[in-house]
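One structure below.
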Number of protein chains: 2
Amino acid sequence: MDIVLLGSGNVATHLGRALVDAGYRIMQVYSPTQAHAAALAGTVNAQAIDDVTGIATNADLYIIAVKDDVLAQVVAQLPVSLKGMVVHTAGSVAMDVLAGHAGKYGVLYPVQTFSKAKAVDFSVVPIAVEASDPITYTALAGLAGNLSNRVFPCDSKQRLSLHVAAVFACNFSNHLYAIGADILREHGLDFDLIRPLILETAEKVMVHQPKDVQTGPAVRHDIGTMQKHLVLLEDEAELAELYKTLSERIGKDA
Amino acid sequence: MDIVLLGSGNVATHLGRALVDAGYRIMQVYSPTQAHAAALAGTVNAQAIDDVTGIATNADLYIIAVKDDVLAQVVAQLPVSLKGMVVHTAGSVAMDVLAGHAGKYGVLYPVQTFSKAKAVDFSVVPIAVEASDPITYTALAGLAGNLSNRVFPCDSKQRLSLHVAAVFACNFSNHLYAIGADILREHGLDFDLIRPLILETAEKVMVHQPKDVQTGPAVRHDIGTMQKHLVLLEDEAELAELYKTLSERIGKDA
């Protein structure tokens, strides 16, 4: 199967490498920035292009792995004559964005956060698959199954909910880590002191449901401790408010 | 060094085992519930007692490892004649709670979350140490150094800030995992789908500062995606509000 990869960011990079490792051929890598296209094309042995109108029209599959908010713009530039399947990789964009631009289309959404600097074992990354028709679904799920052991069907609404869940559990958690780092710095302490605790907290939910392993003063209804924490935060009204909101939610669940 | 351990919960259990592994003798384990005292006493080869007035008065060290909100109550029951050092293990309680109850006193606060079911490698758990005087500090830091490679001095105010930082980074993150699980369940998806993402998010900050690895629509100022997420949350006003608060904070940092 010959593939054209549109995008050169973290998802495109990790997906492109995983595809090559699985024996697929990447014909071209597109990026509006030629240097970015060339950097990824070099590692996957493909041609680098910086103009969408220059893409090969005889590929079997076009994978658009660009930021969610520029996806529609890239789709609009696609040649109308494409016979291959066209898919995107975005969590928050409905499959329909591709309707009218290709006969066979779909979505391959890898549920993971990718950094260029860090290798990811794609075989354990869940991949959400959606397709315009059953034959295309079979083709896409087959390809995804060659990359990962965790392929599952997921419609556009479910995928959006998955994206929202990931924002809460991951993007927002990372921000809470940042708040922790800020509080420590203000008191002359290093973020490194809570790193083991952060990792342990994440590892616990690998085998438990989060509600079953909730700890801390809020779940114990330990009002005295929460009051001391709020005194410490008294000069930071926004943080104190966030502390109260989250503690109340945890207290209600308990 | 002969030790009396007051408490039979997660901290007492892990700390007691680590002390025995490091060659210390636990003379007694106290819990108001005899069965709890007996359970831990059995694993550390100590006597179980359920009455504070029955504690040995000739121990070198008394470790009070009980919930923060019952600590003062246990302290108040201590015999007045204790010659040994008395310490507590609470993050949110100032060392002064022990003043007047012992000549030499201090705090050993292990910065980790403990579950009875899960073994913890104590050698990498940071231990915050505070003491009433330099000689006691040296004794406590020496003991802590036999359990862990990460012992550091930490006064009561700093320890409270460490506790607040841990609540944000860990207790509240766990609640965000729970929110993610709820959203997935409502859309017929399994929490297991975001487990790899949660672990990766935590692992990233083991080597980076959280602000340097923030991802998601808020840090990209991707208003379109955030809008779609808020539409998905439109029936859950409280969650939508939390989404907005956290996204705004992330956006301001970016």
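Once both axes come from the Cα atoms, what is the angle between helix B:134-147 and the longest principal axis of chain B, in degrees from 0 to 90, rounded to 10?
Once rounded, the angle reads 60 degrees.
Determine the calculated [θ] at 222 nm for the protein assembly as shown from helices alone, applying -39500 (n - 2.57) to every DSSP H run no shorter than 4 residues and normalising by the residue count; nearest 500 deg cm²/dmol.
So the helix-based figure for the protein assembly as shown works out to -13000 deg cm²/dmol.
Using a Förster radius of 35 Å, what is the FRET efficiency between B:E186 and B:A72 based on their Cβ-Cβ separation? Nearest 0.05, please.
Working: r = 43 Å, r/R0 = 1.22.
Computed FRET efficiency for B:E186 and B:A72: 0.25.
What is chain B's relative contact order, in percent, from Cα pairs under 8 angstrom and six or more apart in sequence? Write down the numbers at each step before the final one.
Working: 373 pairs, mean separation 29.1, N = 254.
Rounded, it is 11 percent for chain B.
Mind jotting down the three principal axis lengths of the stretch A:159-253 based on Cα atoms? Whole angstrom, largest first.
40, 30, 24
Return the subset of B:K211/B:K244; B:K83/B:K118; B:K157/B:K204; A:K204/B:K67; A:K211/B:K252; B:K118/B:K244 for which the Cα-Cα distance in this structure is over 26 Å, preserving the input order. Intermediate results must be reported in sequence, preceding the final value.
Values: B:K211/B:K244 18 Å; B:K83/B:K118 35 Å; B:K157/B:K204 29 Å; A:K204/B:K67 21 Å; A:K211/B:K252 30 Å; B:K118/B:K244 36 Å.
In this structure, B:K83/B:K118; B:K157/B:K204; A:K211/B:K252; B:K118/B:K244 lie more than 26 Å apart at Cα.
Give the Kirkwood hydrodynamic radius (Å, one decimal) of chain A, defined as one over the mean of 1/r across all pairs of different Cα atoms.
When all Cα pairs of chain A are included, the Kirkwood radius is 20.7 Å.
Where Rh is the Kirkwood radius over the Cα pairs of the stretch B:1-90, the temperature 4 °C and the viscosity 1.567 mPa s, what D in µm²/s does Stokes-Einstein return?
Roughly 103 µm²/s, to the nearest whole number.
If you build a Gaussian network model of chain B, linking Cα atoms that sit under 10 Å apart, which residue out of B:I135, B:I127, B:I198 swings the most?
B:I198
Take the alpha-carbon centre of the stretch A:1-71, take the same for the stretch B:173-246, and report the distance between them in whole Å.
The distance from the Cα centre of the stretch A:1-71 to that of the stretch B:173-246 comes to 28 Å.
Return the percentage of antiparallel bridges among DSSP beta bridges fully within chain A, rounded to the nearest 5 %.
20 percent
With θ set to phi - 60°, apply the Karplus curve 6.51 cos²θ - 1.76 cosθ + 1.60 along the stretch A:220-231 and write out the HN-Hα couplings as whole Hz, x wherever there is a Gly or Pro.
8, 6, 8, 5, x, 5, 4, 5, 4, 5, 5, 5
If you bin the C-alpha pair distances of the protein assembly as shown every 20 Å from 0, what whole percents do you get?
Histogram of Cα-Cα distances, whole percents per bin: 22, 44, 25, 9, 0.
Every number here is computed from the coordinates shown, using simple stated rules; none is lab data. Quantities reported herein were computed from a predicted structural model and do not represent experimental measurements. Here Cβ is always computed from backbone atoms with ideal geometry, including for glycine, and neighbour counts include all displayed protein chains.
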